[in-house]
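Some notes on the structure that comes next.
The values are calculated or read from the model by the stated rules, or taken from the named source; none is laboratory data. Keep in mind it's a predicted model, so treat the numbers as computed, not measured. We place every Cβ from the backbone using ideal geometry, glycine too, and count neighbours over all the protein chains shown.
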Amino acid sequence: MWRFGVRLPVTSRLLLPIYSTWTGWTCPACRSPPPPGQGQLWIDALFGLGQSRPLPAPLAALAHEARLAGQCIWAVDVPSGLDDHHGRPLGACFYSQRTFCLGLYKRGLLQSDALAAVGQLERLDFGVPNWVLDMVQQPESLPRGVTTADRTTAPWPEPPSAADKYGRGRLLLLAGSQRYPGAAVLATAGADASGAGAVTLYVGPDVARRVSDGYPHVLNAAAALSPPLESGPLVWRQLPDLTRHDAVLLGPGMDYAPFVAHAWEPLQKFAGLLVLDADGLNRLAATPESEAVAWLQGRCGPTWITPHIREFDRLFPNCCHGDHAERAAAAARAAGITVLLKGPRTAVAAADGRCWQLLEGVPTAARAGLGDVLAGFAAGRGAMAVATGDLDHGQLVRAALDHLHAARQLVEGGWRQPSPPMVAEHLRQQGE
Ligand SMILES: NC(=O)C1=CN([C@@H]2O[C@H](COP(=O)(O)OP(=O)(O)OC[C@H]3O[C@@H](n4cnc5c(N)ncnc54)[C@H](OP(=O)(O)O)[C@@H]3O)[C@@H](O)[C@H]2O)[C@@H](O)CC1
Ligand SMILES: Nc1ncnc2c1ncn2[C@@H]1O[C@H](COP(=O)(O)OP(=O)(O)O)[C@@H](O)[C@H]1O
């Protein structure tokens, strides 16, 4: 696992000889700015850490011209013109295709506003010994940067070989509605890819038909209900026996319905893993934040939530300070849950203070429904971990990394814009 986020001091004297090129100082090798767009590669090593002022006018003009000309630029440590702390351009900025981060990742380079200027982020290890890094890092307050390479060391639930289907993770899916039947199909595809032993839906007949077309082995706990479940927003008069499941996923495509405290009570008492996504989060967010937090704190079992930023804002309007990882961490601490905050660089935070941030993303795979696949996959993994008795927050990180890895492999294999069902299918193959 990489470390990142530490702002190492850099002397400004290192920068002076380079900056002098355009300010009339002494560098004899280059007396005028290089013309952009001439096919050369530029190495931007002008300004690094701790930039807080806009570029001087001649450099700002050059950065602007370079951007217009599509100049190929690689940056050393931090692109010039970028605030590496908040991840915001300070004005004109040198937009790099690749940024070679020295020693440690800088948090600002992972923020959404910085991604276009940073391009592909790569870390150069220049030999700072681990004991020095340990001295400058405060592990409890900094997220750990993770890449798909960390999949090999991240935890993975392994049911014993003697376990039957019910010993390999039992997942109940509350998903889909007349308006969004596809979300139930996608969440089921993710859950199926996880390898969980028994996936059961609790849905109306219309949604059940859509799901069983592709997944005939998935059960429907609402099949025998009379009258059948409504086909509008999924509301439950009576939930099935939750003790017969290791995990419950609540939310993808359920459509909006108000939070009803007594209907949610069995979910609060459920001792297994509860995964809340999409409309599960939106329904809970219909109550004031303090009540939603109290409900989550009162949960008898572990809770994972998988919001995108708008769902997060609805549920935790007061956790509005800091970057993605800091906001996820604040919510996780407040509610005593594990938060996976999706985005271009997804963050995962646990209530015990541990926090991770993915250092990569696959933008062309980010299409409607990809989050439903992730929710189903993570919940399936969680169910397996509960069944084997070794649930850990790290499994949610691993699920996010596997999901990312599947999307990236598809892109590298020539599918420029893989669809969510393709990602689910690739996840399934990865697990075999
Ligand atoms: N296959 C399926 O069945 C799928 C079903 N899905 C299910 O859909 C449900 C809603 O989930 P969601 O994430 O889209 O809703 P939400 O949190 O309100 O964020 C939406 C934000 O985006 C914006 N916005 C919307 N439309 C826009 C537009 N055309 N162009 C631009 N902006 C637009 C919108 O902005 P606003 O309209 O408020 O201005 C809002 O801020 C949920 O049940 C989910 O599971 C999905 O998982 C996908 C696959
Ligand atoms: N710009 C981006 N680059 C890479 N990944 C992204 C980007 N934007 C979103 N994602 C990823 O795409 C998925 C979208 O999930 P979500 O917003 O829940 O979609 P949906 O509700 O339509 O399924 C998440 O895994 C998220 O991390």
### Message
Can you find a residue that is more than 23 Å from HIS245 (Cα to Cα), surrounded by fewer than 24 Cβ atoms within 10 Å (Cβ to Cβ), out of contact with any Cys (no Cβ under 9 Å at 6 or more places or on another chain) and not aliphatic (A, V, I, L, M) anywhere in the range 384-392?
### Response
no
### Positions within the range 320-348 being away from ligand 2 (no atom under 15 Å from the Cβ) and either at pLDDT 95 or above or of a type in the set (Phe, Trp, Tyr) (or both), in sequence order
ALA329, ALA330, ALA331, ALA332, ARG333, ALA334, ALA335, GLY336, ILE337, THR338
### Task
Find all pairs meeting these conditions: Cβ atoms under 7 angstrom apart; at least six residues apart or on different chains; first residue within the range 49-73 and under 14 Å from CYS93 (Cβ atoms); second residue of a type in the set (Val, Ile, Thr) and exposed (fewer than 15 other Cβ atoms within 10 Å of the Cβ).
none
### Message
Could you tell me how many of the residues in the range 341-375 are away from ligand 1 (no atom under 16 Å from the Cβ) and in contact with a Phe, Trp or Tyr (Cβ under 6 Å, 6 or more places away or on another chain)?
### Response
1
### Query
In this structure, does GLU311 turn out to be within 16 Å of ligand 1 (Cβ to nearest atom), within 18 Å of the chain's Cα centre (by Cα) and not in a loop (DSSP other than H, G, I, E, B)?
yes
### Query
Could you count how many residues in the range 117-131 are surrounded by 12 or more Cβ atoms within 10 Å (Cβ to Cβ) and assigned to a helix (DSSP H, G or I)?
2
## Note on the structure
Out of (1) away from ligand 1 (no atom under 16 Å from the Cβ); (2) buried (at least 24 other Cβ atoms within 10 Å of the Cβ); (3) among the aliphatic types (A, V, I, L, M); (4) more than 24 Å from SER112 (Cβ to Cβ), the one LEU396 does not meet is (4)
### Summary
Residues in the range 214-263 that are over 16 Å from LEU281 (Cβ atoms), within 16 Å of ligand 1 (Cβ to nearest atom) and touching a Pro at 6+ places or on another chain (Cβ under 8 Å) total 1
### Message
Return the residues of the range 400-432 that are over 15 Å from SER194 (Cα atoms), of a type in the set (D, E, K, R) and in a helix (DSSP H, G or I); say none if nothing qualifies.
### Response
ARG408, GLU412
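Listed here are the residues, each with its yes/no results for (1) hydrophobic (A, V, I, L, M, F, W, C); (2) under 17 Å from LEU374 (Cβ atoms); (3) in a loop (DSSP other than H, G, I, E, B).
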position	(1), (2), (3)
GLY182	no, yes, no
ALA187	yes, yes, no
ALA208	yes, no, no
SER226	no, no, yes
SER231	no, no, yes
PRO240	no, no, yes
THR243	no, no, no
PHE259	yes, no, yes
GLU265	no, no, no
#### Entry: Among (1) more than 30 Å from ASP390 (Cα to Cα); (2) buried (at least 24 other Cβ atoms within 10 Å of the Cβ) - the single one GLU230 does not satisfy
(2)
### Lone qualifier among GLY176, GLY182, GLY204 - being away from ligand 2 (no atom under 16 Å from the Cβ) and crowded, with 16+ Cβ neighbours inside 10 Å
GLY204
### Message
Taking the conditions exactly as written (assigned by TED's automatic domain parsing to the domain that holds GLN268 and either closer than 30 Å to ARG416 by Cβ or surrounded by fewer than 24 Cβ atoms within 10 Å (Cβ to Cβ) (or both)), does ALA325 satisfy them or not?
### Response
yes
